[in-house]
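Take a look at the structure below.
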Amino acid sequence: MNIHEYQGKQILKSFGVNVQEGIVADTPEQAVEAAKQLKIDYNSDWVVIKAQIHAGGRGKGGGVKLAKNLEEVKQRATDIIGMQLVTPQTGPEGKLVSKILVAQDVYYPGASETKEFYISVLLDRAKGRNIIMYSTEGGMDIEEVAEHTPHLIFKEEIDPKVGLQGFQARKIAFKLGLSGGAHKEMVKFVTALYKAYDTTDSSMFEINPVLKTSDDKVIAVDAKVDIDENALYRHPDYAAMRDTAEEDPTEVEASASNLNFVNLDGNVGCMVNGAGLAMATMDIIKLAGGEPANFLDVGGTANATTVKAAFNIILKDPNVKAILINIFGGIVRCDRVAQGVIDAYQEIGNIPVPIICRLQGTNAEEAKKLIDESGLKVYSAIALKEAADLVTKVLAEQA
């Protein structure tokens, strides 16, 4: 689950990580009041107006602006709130900005002595270990650094049995070229950052940039946080940070029906029980000459209610030319699933695309008989190859 920058900073601050302070605003008027408060608290005439969306590269898209007085604060906030912000990570459609962060200016006098770094903590799935990835070249062009000068990207593996060790934090600070007070501050920063990542069950913490100020403070100027959704039951306070307006509306609807759904760009809708079977089904679709329009796992207890919800979600995609239902009847009986398909079909009404229903497992023969005798526009199959052939057939008919 992705969260906004201001929320990520709240989490970081709770673990002792120094952050660029800020106040969230939904309107230009609120932004002005936030700027007044920051001036009182930090005695700085300059503030930063930052769009809050679930995407990086906001500065390149015009979503991060400096303001030197209250008049500029209001104008910058007016320009950013409501804009469709396009960044390298949003795609050409961009994202609507509904809130901003009015943040303190941390690039105070002595800017020639400041330095931006990149630090992230994430899981290396190949090695089964957390890693800290860091670079001396932080800032907006970190993607180019990774592509053109990968030798400037460093990694530190963390042994899960013992966690981050002190010598590793010191090594990171040393390789970032820091000494004296800045070295000590970076050691504390990295230690607190890793503790935040580990304790919150996060998938990623990306801080870009990490700023060494002119007086040797180390501050998180940005925070991109991805929390593992499977662990949210342990963190109800973090679960409440979810902003569904930033997510695909169809995926939000699927989540409300307890369906695991990911939208794709193909022409064949998938309805499957089990993640592994869903992946195999997507392969079958491609072998049959189609492209999967989605990943949709209805879980191990498919019934008329879940099947109907799945149909409704798949049919929202105008590119879908056929639907392949692939259910293995292990926990559930195939005939019950077949009846669920029939009931859902009849309740929804006219479904404009052909449906291939492959049911295998307990009572598969009975399920096929139910489908065949239903009188509905549903093709039944038992073997996987049979289902693939039917996909090829209906796509050819749609061409």
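We did not get these values from a lab; they are worked out from the coordinates using the rules stated. Since the model is a prediction, treat every value here as computed from it, not as a measurement. FYI the Cβ positions are ideal-geometry reconstructions off the backbone, even for glycines, and counts take in every protein chain you see.
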Linear extension gain, K127 paired with K369, 0.36 nm per residue minus alpha-carbon span: 82.3 nm
Inverse of mean 1/r across different Cα pairs in the range 21-104, Kirkwood, Å: 12.5 Å
Shape call, the range 258-389: gyration tensor on alpha carbons, a/c limit 1.5: rounded
Estimated FRET transfer efficiency when R0 is 22 angstrom, pair E93-E143 (beta carbons, to 0.05): 0.65
Cβ-based exposure ranking for S98, S202, S179, in which fewest neighbours within 10 Å come first: S179, S98, S202
In nm, spacing of pseudo-spin labels at K393 and Y107 (7 Å Cα→C-beta vector): 6.5 nm
Violating pairs (Cα-Cα greater than 27 angstrom) within the set K60/K127; K127/K175; K308/K393; K60/K195; K65/K115: K60/K127; K60/K195
The chain: angle of helix 166-175 to the longest principal axis, Cα-based, in degrees nearest 10: 70 degrees
Top of Q89, Q104, Q52 by mean-square fluctuation, Gaussian network on the chain, Cα under 10 Å: Q89
Alpha-carbon gyration tensor eigenvalues x 5, square-rooted, for the range 349-399, Å: 20, 15, 7
Extended-chain gain in nm, criterion 0.36 nm per residue less alpha-carbon gap, K60 and E33: 7.1 nm
Charge dipole (debye, nearest 20) of the range 145-260; +1 at Cβ of Lys and Arg, -1 at Cβ of Asp and Glu: 1000 debye
Per-q log10 I(q)/I(0), the range 155-250, q = 0.20 Å⁻¹ (Debye; single scatterer per alpha-carbon; no solvent): -1.04
Residue (of Y42, V32, Q84) at the positive-pole extreme of the range 21-104, dipole from beta-carbon charges: Q84
Principal-axis tilt of helix 180-199 within the chain, Cα atoms, nearest 10 degrees: 20 degrees
Cα long-axis angle, helix 384-398 against the chain (0 to 90 degrees, to the nearest 10): 90 degrees
Greater than 22 Å apart at Cα, pairs in K50/K171; K39/K74; K68/K95; K99/K316; K36/K68: K50/K171; K68/K95; K99/K316
Debye equation applied to the C-alpha atoms of the chain, log10 I(q)/I(0) at 0.08, 0.10 Å⁻¹: -0.57, -0.79
Whole-Å semi-axes of the range 1-158's equivalent ellipsoid (Cα gyration tensor): 29, 19, 16
Pairs of alpha carbons in the range 66-137 whose separation is greater than 16 Å (percent): 72 percent
Mean separation of Cα contacts under 8 Å, 6 or more apart, over the residue count of the chain: relative contact order %: 12 percent
Estimated inter-spin distance, S14 and D201, nm [label 7 Å along Cα→Cβ]: 1.4 nm
